[in-house]
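Here's the structure, in structure tokens; my notes come after.
The values are calculated or read from the model by the stated rules, or taken from the named source; none is laboratory data. Worth saying up front: this structure is predicted, and the values here are computed from it rather than measured. Note: ideal-geometry Cβ built from the backbone for every residue, glycine included; neighbour counts use all protein chains shown. Side chains included, ligands, DNA and RNA excluded: accessible areas come from the protein's heavy atoms. Shrake-Rupley method; radii C 1.70, N 1.55, O 1.52, S 1.80 Å.
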Amino acid sequence: MSTTVKIDAADIAARVSGYDWTAIEAHLDAHGWAKLPRLLTAGECSAIAALYDDTSRFRSHVIMARHGYGRGEYKYFEYPLPETIAALRTALYTRLAPFANRWNEALGTAVRYPDAHADFLDRCHQAGQERPTPLLLRYTEGDFNALHQDVYGEHLFPLQAMVLLSAPEKDFTGGEFVLTEQRPRMQSRVEVLPLGQGDGAVWAVRNRPVRGSRGTYRVNMRHGVSRLRSGQRHTLGLIFHDAT
């Protein structure tokens, strides 16, 4: 049976616009990530999580243990994306593109991102990156996601997003979202993101600029999920570039 998720795209855009983006950008600059509290309601989270069993929505199904990615599973959506997910992807990209351009300028990277997400996807598709990358992830007891970076081809948007669809301490325990940051000639730093059901997060896909006493340097970022101790955890992942 097909599960329907219908949330007006204008409502999603208004929610995204309603955040304090000056504060979000400052947190991204300082820490490489930022939280988007209550991006989706509990009902919306449940409806999106329920899509996981609708095979018609997805282009592929990945069992993580088979590839050394950890334990758990995820599915990549097929085009056309569900309306809510497409609206989230577009609205977040629109806010993040100018910030991504500023990061690239600070890193001395020549690539710049257009204002419209559709134009950036055209760039990806012309280079052979035509497969959609938004995904649903499912973890059960004992599952985890090893530290990694979501790079799918030559064209890469430097930020990505997620929404936690399940309720910590109610639907699952453990399963914290983890980021690591490796600075030159320093030990890695670890952060655990404090997320509740419906909260979103934005973070660096691979690198971010950090200002130091000798100028700006490049920090390497990875992310993952700690071991689930009980229950079941669903997450919506939003990557803004498509895959080869």
(message) Take the conditions open to solvent by 40 Å² or more (accessible area, probe 1.4 Å) and in contact with a Leu (Cβ under 6 Å, 6 or more places away or on another chain) and apply them to Glu141. Does it pass?
(response) yes
(request) Give Ala204, Ala243 a once-over and let me know the one that is within 22 Å of Leu40 (Cα to Cα) and under 19 Å from the mean Cα position of the chain (by Cα). (result) Ala204
(message) I'd like to check something: does the stretch 66-80 contain any residue that is more than 16 Å from the chain's Cα centre (by Cα), in a helix (DSSP H, G or I) and either crowded, with 19+ Cβ neighbours inside 10 Å or not polar (S, T, N, Q) (or both)?
(response) yes
(message) Quick test for you: out of Ser226, Ser166, Ser230, Ser188, pick the one residue that is under 21 Å from Gly70 (Cα atoms), in contact with a strand residue (DSSP E or B) (Cβ under 7 Å, 6 or more places away or on another chain), modelled with pLDDT under 95 and among the polar types (S, T, N, Q).
(response) Ser188
(message) Among the numbered criteria (1) within 19 Å of the chain's Cα centre (by Cα); (2) buried (at least 17 other Cβ atoms within 10 Å of the Cβ), which one does Ile7 miss?
(response) (1)
(message) When you scan the stretch 45-65, do you find a residue that is farther than 22 Å from Tyr152 by Cβ, in contact with a strand residue (DSSP E or B) (Cβ under 8 Å, 6 or more places away or on another chain) and of a type outside the set (Val, Ile, Thr), even just one?
(response) yes
(message) So, restricting to strands (runs of 3 or more DSSP E) that lie completely within the stretch 181-229, which ones have at least 3 residues that are open to solvent by 50 Å² or more (accessible area, probe 1.4 Å) and more than 28 Å from Arg138 (Cα to Cα)?
(response) 215-225
(request) Among the residues of the stretch 82-112, write down those that are under 27 Å from Phe58 (Cα atoms) and of a type in the set (Phe, Trp, Tyr). (result) Tyr93
(message) Quick test of your reading of the structure: Gln129 fulfils all but one of (1) assigned to a loop (DSSP other than H, G, I, E, B); (2) open to solvent by 50 Å² or more (accessible area, probe 1.4 Å); (3) in contact (Cβ under 8 Å) with a residue 24 or more places away in the chain. Name the failing condition by number.
(response) (2)
(message) Any residue that is open to solvent by 70 Å² or more (accessible area, probe 1.4 Å), within 21 Å of Ile12 (Cα to Cα) and of a type outside the set (A, V, I, L, M, F, W, C) - is there at least one of those in the stretch 100-108?
(response) no
(message) Go through the stretch 144-161 and report how many residues are in a strand (DSSP E or B) and open to solvent by 10 Å² or more (accessible area, probe 1.4 Å).
(response) 5
(request) Kindly indicate which of Ala116, Ala106 is among the aliphatic types (A, V, I, L, M) and touching a Ser or Thr at 6+ places or on another chain (Cβ under 7 Å). (result) Ala106
(message) So His234 passes all but one of these: (1) in contact (Cβ under 8 Å) with a residue 60 or more places away in the chain; (2) more than 17 Å from Pro134 (Cβ to Cβ). Which condition number does it fail?
(response) (2)
